[in-house]
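Shown next, in structure tokens, is the structure this report addresses.
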Amino acid sequence: QIVSLVNLDLSHNELDDNIPDGIESLTRLTKLILSNNKLTGSIPMAIGLLINLTILDLSFNELNDKIPSWVNLLPGLTQLNLANNKLYGKITYEICRLSNLE
């Protein structure tokens, strides 16, 4: 079953459009890597419900919204890569409080 998926790496594809709704149903996910695609829109708050995530890599896409403040909902994150998108805004205090980031 897909809900028991632990690692999801769809990097280096031609994925476009938004990050899909329903991603929060992958509750066991520890690694979500969607880098090097053509994803657009915002980073959905649904990702903040994936409390087991340790790695979130959305780099090298065309995401174009504010840097999400809800990232602090993922206290187990060790790697967060949002580089090379069109994100804007300030890096919030909440992100700085993630003590496990490498």
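Just so it is clear, none of the values below were taken in a lab; they were calculated from the coordinates. Everything quoted here is computed from the prediction, not taken from an experiment. Don't worry about glycine lacking a Cβ; one is built from the backbone with ideal geometry, like all the others, and counts go over all protein chains shown.
For the chain, modelled as a GNM whose springs connect Cα atoms under 10 angstrom apart, the maximal fluctuation among Ser35, Ser69, Ser59 occurs at Ser69.
Cβ under 12 Å from Gly48's Cβ, Gly48 left aside: what net charge do those residues give with Lys, Arg +1 and Asp, Glu -1? Write out the running numbers ahead of the final one.
Numbers: positive: none; negative: Glu24, Glu94.
The answer is -2.
Taking a sphere under 12 Å around the Cβ of Asp57 and counting the other residues whose Cβ falls inside, with K and R at +1 and D and E at -1, yields a net charge of 0. If you model the chain as an ellipsoid using its alpha carbon gyration tensor, with each semi-axis the square root of five times an eigenvalue, the axes come out at 18, 18, 12 Å, biggest first. A simple spin-label model places the labels of Glu14 and Leu49 3.2 nm from each other, with each point 7 Å out along Cα-to-Cβ. The lysine pair count for the chain, using Cα distances under 22 Å and pairs eight or more places apart or on different chains, is 4.
Roughly how many debye, to the nearest 20, is the charge dipole of the chain about its Cα centre, given +1 on each Lys and Arg Cβ, -1 on each Asp and Glu Cβ, and no other charges? Display every interim value, and only then the final one.
Numbers: 7 positive and 11 negative charges, 65 e Å.
About 320 debye.
Going by a ≥ b ≥ c, the root eigenvalues of the Cα gyration tensor, does region 48-102 fall in the rounded group (a/c under 1.5), the prolate group (a/b larger than b/c) or the oblate group? Don't skip to the answer; put the middle values down first.
Numbers: a/c = 1.83, a/b = 1.42, b/c = 1.29.
Prolate shape, in that a/c is at least 1.5 and a/b is the bigger ratio.
Expressed per residue, the C-alpha convex hull volume of region 1-58 stands at 73 Å³.
Applying a DSSP loop filter and a limit of 16 other Cβ atoms within 10 Å to the trypsin sites (Lys or Arg not before Pro) in region 1-83 leaves Arg28.
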